[in-house]
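Heads up, the thing below is written out as structure tokens.
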Protein chains: 2
Amino acid sequence: MSERGISSAVIRRLPRYYRYLGELLENNVVRISSKELSIRMKVTASQIRQDLNNFGGFGQQGYGYNVEYLFEEIGKILGLNTIQNMIIIGAGNLGQALANYDFDRIGFKVIGIFDANPRLEGLAVHGIEIKMVDELEEFIKTHEIHVATLTVPKKNARTIASQLEEWGIRAIWNFAPTDLHVSDDVCVKNVHLDESLMTLSYNFRNRGKEKYSYHSYMDD
Amino acid sequence: MSERGISSAVIRRLPRYYRYLGELLENNVVRISSKELSIRMKVTASQIRQDLNNFGGFGQQGYGYNVEYLFEEIGKILGLNTIQNMIIIGAGNLGQALANYDFDRIGFKVIGIFDANPRLEGLAVHGIEIKMVDELEEFIKTHEIHVATLTVPKKNARTIASQLEEWGIRAIWNFAPTDLHVSDDVCVKNVHLDESLMTLSYNFRNRGKEKYSYHSYMDD
């Protein structure tokens, strides 16, 4: 199966396929046509066929897709069939919320939570004691860490991101409202909450004036 | 100034312009050329000029952009120059984190937090007492609410969204990991955290194999 040259737009749609297939599985649906799936997902059947063809297809002409097989294959493509270790840096409200979010469902296990505030030291979040940031380097060097989640204030984010890169981190999930300056060796996924809210604000205030759909997905 | 027919891609880039211009203002930068701005933002100068031309320009040939003016004009376009009232439905970890996030900075004021769990009733988050969901209809009908933020479990999200629409809400910021079924009268902005993490997981696992940039913005 060739995975070279897949557009980022396709990659960003995969989690949504995964979610819909998971819901079908929960409802004991065994098989689904691209047409049925397209109606549920509100995308064209032809897009679904094209997207899934990037990964070798999975469908049989006239029989539709085997839901469980497709769900599992997309899960493998996304790397959800393995346990991936995550650390969270910044144990404020958002960091604690993410620690409690139950990403275990999709294979992510929080193994460390760090903060600079000594009053938080040793407090447990989701069963994990908050450590101080000065323990971060040692922790990273002695654990296999797949993703570092950054929920620190904007003013500290770039410095910490550079240190994370230096210490070997190669994937950062960034919630700080700033762009990080790391090399291309590091994958960064930004979740800029205030920008998301601003976009909603614009759409709400201009509804009726605009041509595009208001149902925008975070990654569209 | 015509705002008709602006592509959603442009709209989604505006908050990022707003953020960069805000940083320039903090650093007392008075004027910036599209070229300088393009280097900072890592987009082409021509895209910047095209994007801002959608709203009438703001730039003077050879003089660059007046940072403060551009910041304020984009803020107005995004509706950030007025106070917008927000309610949060779902006072779990994520709902509480959002209540504490300080969206006041961009004009959003949380005026109500609701949950179904009676043990949370009356607890204060960010100075606001948590109310029970059976008070929601009355509250919505007696307050001007611009945005309802949904941080409820997936299984309740669609039902609540339909009720919110019925009661007059026209903008939903949805954190429940499901697509809402509301009419086109309602603007929905989804923040699907697990899908964001899955995309990062894919990029991390396939780094070096892919052609696209790993620095993906939430709304690219």
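The values are calculated or read from the model by the stated rules, or taken from the named source; none is laboratory data. Here the structure is a predicted model, which is why all the values come from computation and not from measurement. When we count neighbours, we look across all protein chains shown, and the Cβ atoms used for this are built from the backbone with ideal geometry, even at glycine. The area values use the complete protein model at the heavy-atom level, side chains included, leaving out ligands, DNA and RNA. Shrake-Rupley method; radii C 1.70, N 1.55, O 1.52, S 1.80 Å.
Things worth noting here:
- If you go through the stretch B:100-131 and keep only what is within 8 Å of another protein chain (Cβ to nearest Cβ) and of a type in the set (A, V, I, L, M), you end up with just B:106.
- Scanning the stretch B:101-132 for residues that are open to solvent by 80 Å² or more (accessible area, probe 1.4 Å) and farther than 30 Å from residue B:75 by Cβ turns up B:118, B:119, B:121, B:123, B:129.
- Check on residue B:71, at pLDDT below 95, surrounded by 15 or more Cβ atoms within 10 Å (Cβ to Cβ) and farther than 22 Å from residue A:207 by Cβ: yes
- Residue ranges of helices (runs of 4 or more DSSP H) in the stretch B:125-220 with at least 1 members at pLDDT below 95: B:154-166, B:193-205
- Qualifying residues in the stretch B:176-193 (those that are surrounded by 21 or more Cβ atoms within 10 Å (Cβ to Cβ) and more than 8 Å from chain A (Cβ to nearest Cβ)) - the one farthest from the chain's Cα centre (by Cα): B:182
- Yes/no for residue B:48 being open to solvent by less than 10 Å² (accessible area, probe 1.4 Å), within 22 Å of the chain's Cα centre (by Cα) and farther than 19 Å from residue A:97 by Cβ: yes
- If you go through the stretch A:8-28 and pick out every residue that is open to solvent by 20 Å² or more (accessible area, probe 1.4 Å), within 11 Å of chain B (Cβ to nearest Cβ) and either touching a His at 6+ places or on another chain (Cβ under 6 Å) or of a type in the set (A, V, I, L, M) (or both), you end up with 1.
- If you go through the stretch A:101-124 and pick out every residue that is modelled with pLDDT under 95 and of a type in the set (S, T, N, Q), you end up with 0.
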